[in-house]
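Notes follow the structure.
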Amino acid sequence: MMAVNRQVTRHSYRVCTGLYRPLSRSTSVSMVQKELVRPPQDVPGAEGQAEFSRAMIGGFFQERPMLKNPFLEDALLQGYLRRHLPSEAVYSDLRVFGDRLVREVDGWGRECEVTPPRLVTYDPWGCRVDRIVTSPAWQRMKDLSAQEGLVAIGYERSYGEWSRVYQMCKLYLYSPSSGLYTCPLAMTDGAAKVIQSLGVSWPVADAFSRLTSRDPEHFWTSGQWMTERRGGSDVGNGTETVALPQSDGTYRLSGFKWFTSATDADMTLTLARVTDVDGQTTSLSEEGRGVACIANMLTVTRIHNSVSAVAGMRRVLQLARDYATRRSTFGKLLRDHPLHMQTLARMEVETRGAFLLVMDVCRLIGREETGHSSQLETHLLRLLTPVAKLYTGKQAVAVISEGLESFGGQGYIEDTGLPAMLRDAQVLSIWEGTTNVLSLDVLRCVSRSSGLVLQAYFTHTQSLLAAASLPSLSVAVRSVDSALSGLREFLQAAALKPPGFMELAARDLAYSLARIYMGALLIDHASWEGASHSDAYAALRWCEQDLCPVVSKAAIGCYNMKTLPLDAALVYEESTSD
């Protein structure tokens, strides 16, 4: 955009009832812009003809993509539920909820996006109030969350070990319309999980009841106050907040929290070191089992993060495929352009793989919470939680960014609401642990279990492949099986390498674990009797990629320790100019 008041050095023109009128050479751009912003009126002019009636564009306005019931538009979600949770009550609830999302909730979410919360520090008379003001839509989201049981479903356990899957499917539909209200819901679920793990007793029994309530008047949300000025994921060593015991059994906290999530919540979880009257702190006391509880809570919040990631991918695809039936270019609809369909198909395959991975993690936590989990499944949950979170966070940014391109310029126009989808996706690879932090968490998980989590991974993945009997999937089965064998050989060889070798390989190892397992899940889903041809095709397309990048990159020396000084020199190369 040219700067205001810059002089126009050539003749400029403005559109005026089908005529062009030259403007003076000295006319400023500000004047030109003022004349150009007047919208043309498609009404009869002096000669009785509508303005632009002779123009090919006429009264054309591009139809916008329409949000339809996201449950009814999602064939994979419906198929997954028919296979694993064939309940008419669940199906009906999600269908009705999908209608509500389109009818009212999506509009609330947009209002939340354009009306961010603001801090009122002082009242009109100068008194310090420090009050957070949120939009009415944000407040309606809280009532909705209670009414729809967006936290409660996971704790009511009306569907046993599948209750978590049901809850997360509902959050998956809700997330893209929530205006990021899924953040306080994740914190609330995490807080309820902590209380449940400690044992629901006084004085936290009332809090647990409120966190898991369906009554809007009774329902509480929870925040988390963990991060201090040092920031980062090492909260155990970074916590300087102290808790001084009081005579009534409470604690007085003293410290500085730099970041708080869900700041307007009704309660919060925080982390502090217990100190005595002399100021001596316990390295991390048993009271509340601080860091241990955080680890327990992170399992839930990381699952929420993963659900939001795959939900964003699905929503942008639903809008993009609707838009492809409304937008014509180069003489035909977008849906009739092979390259455009190929692009959307690639996005669809990514989204399907992500959905099945996340739902499998939800299945595993549901089994653990109801006491049905085997030792193998417990190990698998511990490994796959960080893997799913880190991989889907990266997928969401890539898929949603690609999705915005399918709308052309409107994908970058703020008023369409589309750019907000990409902004909201970008935080998903940061919240609850960055990609590198989670990759190292995978290594720690392997080390602390003495390799048992990997043993569980190989055993279960192989069992998924063994159950695939369709000849049409044989190519995909061979690809996953080959990648699995390559990964096993890599890990055996890596055991003889210096410790730094695996740290360099950590991110690619996590990606390999994700891609191989997602391939096995796609094959498994395509093998059940109710699967569609698209399910099989998605499995085949997924397995065309490099499923085990850690092997490919190891083969070309990417994890050679000699590269470390070269990497540093490359990043910090100084200019040689005088």
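When you count the other C-beta atoms within 10 angstrom of each residue and take the mean per peptide, 293-299, 459-465, 338-344 line up highest first as 293-299, 459-465, 338-344. Here is how the number arises for the chain: DSSP H runs of 4 or more residues each give -39500 (n - 2.57), the sum is divided by the residue count, and the result at 222 nm is -17500 deg cm²/dmol.
Along the Cα-to-C-beta direction of ASP264, a point sits 7 Å from the Cα; which residues of the range 126-159 have their amide N less than 16 Å from that point? From the range 126-159, the list is 130-146.
Once the 1.4 Å probe is applied to the protein heavy atoms, the chain comes out at 52 Å² accessible per residue.
Which pairs in the list LYS142/LYS389; LYS257/LYS389; LYS142/LYS170; LYS170/LYS332; LYS68/LYS170; LYS389/LYS553 are over 27 Å apart, alpha-carbon to alpha-carbon? Spell out each step's value before the answer.
Working: LYS142/LYS389 25 Å; LYS257/LYS389 25 Å; LYS142/LYS170 15 Å; LYS170/LYS332 37 Å; LYS68/LYS170 16 Å; LYS389/LYS553 23 Å.
Cα-Cα > 27 Å for LYS170/LYS332; rest within.
Taking all protein chains as present, what is the carbon and sulfur share of the accessible area of the chain, in % to the nearest whole number, probe 1.4 Å? Carbon-and-sulfur percentage of accessible area, whole number: 55.
Short to long, the 5 Å bins of the Cα pair-distance histogram for the range 536-578 hold 5, 17, 13, 13, 13, 11, 9, 8, 6, 3, 2, 1, 0 percent of all pairs. Kindly identify the range 452-577 as rounded, prolate or oblate by the Cα gyration tensor criterion: order the square roots of the eigenvalues as a ≥ b ≥ c, call it rounded if a/c is under 1.5, otherwise compare a/b with b/c, prolate if a/b is larger, else oblate. In terms of gyration-tensor shape, prolate.
Calculate the all-directions average of the projected area of the range 116-230's alpha-carbon convex hull, and give it in nm². Spelled out: convex hull of the Cα atoms, projected over all directions, averaged, 9.9 nm². When a/c reaches 1.5 or more, the comparison of a/b and b/c decides; with that in mind, is the range 373-475 rounded, prolate or oblate per its Cα gyration tensor? Taking the square roots of the gyration eigenvalues as a ≥ b ≥ c, the range 373-475 is oblate. Take every pair of alpha-carbon atoms less than 8 Å apart whose residues are at least six positions apart; their mean separation over the length of the chain yields a relative contact order of 11 percent. Highest mean packing first, where packing is the average number of other Cβ atoms within 10 Å per residue, the peptides 357-366, 158-167 line up as 357-366, 158-167.
Here the Debye sum runs over all C-alpha atoms of the chain as equal scatterers in vacuum, and log10 of I(q)/I(0) at q = 0.05 Å⁻¹ comes out as -0.27.
Restricting to Cα atoms and excluding each atom paired with itself, what does the Kirkwood estimate give for the range 118-169 in Å?
Radius from the Kirkwood sum: 13.7 Å.
Computed from backbone phi, the HN-Hα couplings of the range 456-468 come to 5, 4, 5, 4, 6, 4, 5, 5, 5, 5, 5, 7, 7 Hz, rounded to whole numbers (Karplus: 6.51 cos²θ - 1.76 cosθ + 1.60, θ = phi - 60°; Gly and Pro given as x).
Separation of the range 177-200 and the range 518-551 by C-alpha centroid, Å? Value for the Cα centre distance between the two parts: 33 Å.
Temperature 20 °C, viscosity 1.002 mPa s: under these conditions the Stokes-Einstein estimate for the range 326-382, based on its Kirkwood radius over C-alpha pairs, is 151 µm² per second. Given the range 241-345 reduced to its alpha-carbon atoms as identical point scatterers, what log10 I(q)/I(0) does the Debye formula return at q = 0.11, 0.12 Å⁻¹? Treating every Cα as an identical point scatterer, log10 I(q)/I(0) equals -0.59, -0.63.
The packing ranking, built from the mean of other Cβ atoms within 10 Å per residue, places the peptides 178-190, 108-120 in the order 178-190, 108-120, highest first. Across all directions, the average flat footprint of the convex hull enclosing the Cα atoms of the range 416-514 is 9.2 nm².
The values are calculated or read from the model by the stated rules, or taken from the named source; none is laboratory data. All of these numbers come straight from a predicted model, not from anything done at the bench. As a convention, Cβ positions derive from the backbone with ideal geometry for all residues, glycine included, and neighbour counts pool all protein chains shown. Accessible surface is based on the protein model in full, side chains and every heavy atom, while ligands, DNA and RNA are left aside. Shrake-Rupley method; radii C 1.70, N 1.55, O 1.52, S 1.80 Å.
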